[in-house]
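Take a look at the structure set out below.
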Amino acid sequence: MIAIIDYDAGNIKSVEKALLLLGQEIVVTKDRETILGADKVILPGVGAFGEAMEHLKNYGLDKVIHEVVERQIPLLGICLGLQLLFERSEECPGVGGLGVLKGEIVKIPKKEGLKIPHMGWNSLHLQNGGRLFAGIKEESYVYFVHSYYLKAADERIVKAVTDYSVNIHAAVEQGQVFACQFHPEKSSSIGLAILKNFVEM
């Protein structure tokens, strides 16, 4: 069973739909015991970093996510879910992230000819042997929607990058924690293959 953490951050339906296509049993929940009893956990999300952290804390889900990590239950953060796993974001100065992983979220710099937010399909350069990307071809295209991007403190955890104004850390893995800045659930057959790699670990 896969638990999708519900903290009022949107984007849950598309993740749920993709997992159903893969034949998975899913529960969307805020309940601690249900989350900790799951085989895998997904932290989705779109929206503002500060508001999302406030919701996680109000529901006590920040502590639950740390328990998920401590128990080594595979955890996948998607889009805002990736950003929340890190220490801080320029979007909301003074608001701490979950700090599960080391690094910060920074604003994508303006560049002539490029729109922000970054919305659309970009190719991935794969590196450091990411388990999420087993069987995925180099330069596969995935779908992004974001104005802020990850700068991981340890580049060894970065498993995919993309170029949009700057070099963007697009996916990370550390232990049983996985995260993608892009939306695998909106990335057609490539995205489904990435999600399949996660659910079959």
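The range 10-37 and the range 98-170 have Cα centres lying 24 Å from one another. Among the listed pairs Lys57/Lys110; Lys159/Lys186; Lys13/Lys63; Lys63/Lys111; Lys40/Lys137; Lys13/Lys102, a Cα-Cα separation exceeding 27 Å is found for Lys57/Lys110; Lys63/Lys111; Lys13/Lys102. Mean residue ellipticity, 222 nm, helices only, the chain: the sum of -39500 (n - 2.57) across DSSP H runs of n ≥ 4, divided by residue count and rounded to 500, is -7000 deg cm²/dmol. Rolling a 1.4 angstrom probe over the range 87-139 with all protein chains present gives an accessible area of which 52% lies on carbon and sulfur atoms.
Report, as a whole number in µm² per second, the diffusion coefficient that Stokes-Einstein gives for the range 118-194 at 25 °C and 0.890 mPa s using the Kirkwood radius over alpha carbon pairs.
On the way: Rh = 12.3 Å.
Approximately 199 µm²/s, per Stokes-Einstein.
Derived scalar couplings between HN and Hα for the range 142-158 equal 9, 9, 10, 9, 6, 10, 10, 9, 7, 10, 6, 5, 10, 5, 5, 7, 7 Hz in order, rounded to whole Hz, by the Karplus curve 6.51 cos²θ - 1.76 cosθ + 1.60 (θ = phi - 60°), x for Gly and Pro. Per-residue Karplus couplings for the range 31-36, computed as 6.51 cos²θ - 1.76 cosθ + 1.60 with θ equal to phi - 60°, are listed in order as 7, 4, 5, 5, 5, 6 Hz, Gly and Pro entered as x. Among the listed options [x] 18.1; [y] 19.5; [z] 16.6, the one matching Kirkwood radius over Cα pairs in Å as calculated from these coordinates is [z].
Backbone amide hydrogens, once placed in the peptide plane, bring Gly99 within less than 5 Å of Phe86, Glu87, excluding anything fewer than 5 places away on its chain. Taking θ as phi - 60° and the Karplus parameters 6.51, -1.76 and 1.60, the scalar couplings of the range 162-168 work out to 9, 10, 8, 6, 9, 7, 9 Hz in sequence order, x denoting glycine and proline.
The values are calculated or read from the model by the stated rules, or taken from the named source; none is laboratory data. Here the structure is a predicted model, which is why all the values come from computation and not from measurement. Side chains are part of the model used for accessible areas, which takes the heavy atoms of the whole protein and leaves out ligands, DNA and RNA. Shrake-Rupley method; radii C 1.70, N 1.55, O 1.52, S 1.80 Å.
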